1. Condition (residue is in contact with a strand residue (DSSP E or B) (Cβ under 6 Å, 6 or more places away or on another chain), farther than 18 Å from ALA312 by Cβ, outside the structural domain of SER61 (by TED's automatic domain parsing) and in a strand (DSSP E or B)) applied to segment 262-279: is it met by at least one residue?
2. When you scan segment 55-71, do you find a residue that is in contact (Cβ under 8 Å) with a residue 60 or more places away in the chain, surrounded by fewer than 22 Cβ atoms within 10 Å (Cβ to Cβ) and either of a type outside the set (Gly, Ala, Ser) or touching a Cys at 6+ places or on another chain (Cβ under 7 Å) (or both), even just one?
3. Across segment 62-83, what is the total count of residues that are under 20 Å from GLU117 (Cβ atoms) and either in contact with a Ser or Thr (Cβ under 9 Å, 6 or more places away or on another chain) or not assigned by TED's automatic domain parsing to the domain that holds ILE32 (or both)?
4. Can you name every residue in segment 11-32 that is modelled with pLDDT of 95 or more, part of a loop (DSSP other than H, G, I, E, B) and over 21 Å from GLY179 (Cβ atoms)?
5. Got a sec? Which of LYS140, LYS116 is within 30 Å of GLU66 (Cβ to Cβ), basic (Lys, Arg) and over 14 Å from the mean Cα position of the chain (by Cα)?
6. For segment 281-311, which residues satisfy the criterion of being in a strand (DSSP E or B) and more than 16 Å from ARG255 (Cα to Cα)?
7. For segment 129-151, how many residues are touching a His at 6+ places or on another chain (Cβ under 9 Å) and either at pLDDT below 95 or closer than 22 Å to SER105 by Cα (or both)?
8. Would you tally the residues in segment 162-189 being surrounded by fewer than 24 Cβ atoms within 10 Å (Cβ to Cβ) and either in contact with a Phe, Trp or Tyr (Cβ under 9 Å, 6 or more places away or on another chain) or assigned by TED's automatic domain parsing to the domain that holds THR250 (or both)?
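The values are calculated or read from the model by the stated rules, or taken from the named source; none is laboratory data. Since the structure is predicted, the reported quantities are computational estimates derived from the model, not experimental observations. Every residue, glycine among them, receives a Cβ derived from its backbone with ideal geometry; neighbour counts consider all protein chains shown.
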Amino acid sequence: MSKTTNKEQTKFYYPSETTKKLTKLLDIKYPIIQAPTGGTINSSFSASVANTGCLGALPLSWSDPEEAIKQIKEVKTKTKNAFFANFVLNFEPKAFDVAIESGVSIIQFSWGMPTKEMVSKMKAAKVVLGIQVTSEASAKSAIDLGADYLVCQGTEAGGHVHASRPLTQALERVLKIAGNVPVVASGGIATGHKMREYLQMGAAGVVMGTRFVATIESRGHDIYKESLINAKAEDTVFTTCMNKGWNNTTHRILRNSTFNMWESVGCPISGNRPGEIDIVATNGQDASIQRYSISVPQAQFEGNIEALANYAGNGVSDIHDIPTVAELIERIWKEFLNK
């Protein structure tokens, strides 16, 4: 009996059975999911991602039922491909029922677990259930609820992050629990090379957030996009600084004047922070945005964009341009296949 060499042991075969299961489950060509980066996504952006063969995202956490119905219809007029509705469960999912009624085929949750009643409604309507997890315990809870796939988040992620470990550590732990349930890796992934690393570990696919924000179709402000292509991972900070609108949540942003001001006086609690009631921007409709707001800089914003929450994952080190979504996916796939 011949010995297996180390090279043979580490040889990577694509697609793996778990990736085949994921792409079939989500009805996608590429095992890439768009992160539901609220504020930067509209129907055109979601559809652009879906039309490449990836899974487009539609954030509905803060949408009322009427607005959600409108957004879902708009996405469906622009793509026939798969997209998912996302709900952050720190907030009441007011649009959950209408998402199902409007024919959304995939719903994903983060920052909490759906109730058994919610899961029952999804199963009755044959809606695919995805849940973001960060540990063995949360993975077990999600699987016990009937999750069809898991999104394993690491602390490298941009935006609001409920992970407590780097992605490699979290993924190893979640994969041990997942069994036949596909696990998607999320956090700091911006290239096909990095994607390959996590699929080699056993992930079925990946989530990309910051990399998609830095595209032409994104609704992010131009100054925000430029800040992403000029930043490195060390320019990001994992903090609770920008929390007006979502208290006590950790997030990863680019260091900016607001963070530096807050840090310089010892990171005081809400109510004692410098410049706390400063109006730093408007949303283009005379609505004011205060310093420390969770609001992401959107295309129509006017004012001091740099002082807002410029969310960014550690993958910014690999972001150097602002392509179209189609150009980006073509590049990522070539990188993935060519190592």
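1. yes
2. Step one: list which residues in segment 55-71 are in contact (Cβ under 8 Å) with a residue 60 or more places away in the chain, which gives none.
No, that holds for no residue.
3. Count: 1.
4. Hits for segment 11-32 are ASP27, ILE28, LYS29, TYR30.
5. LYS116
6. Taking segment 281-311 and keeping what is in a strand (DSSP E or B), we get 281-282, 288-290, 293, 298, 302-303, 311.
Of everything in segment 281-311, those that are in a strand (DSSP E or B) and more than 16 Å from ARG255 (Cα to Cα) turn out to be ALA281, THR282, SER288, ILE289, GLN290, GLN298, GLU302, GLY303.
7. Number of matching residues: 1.
8. 3
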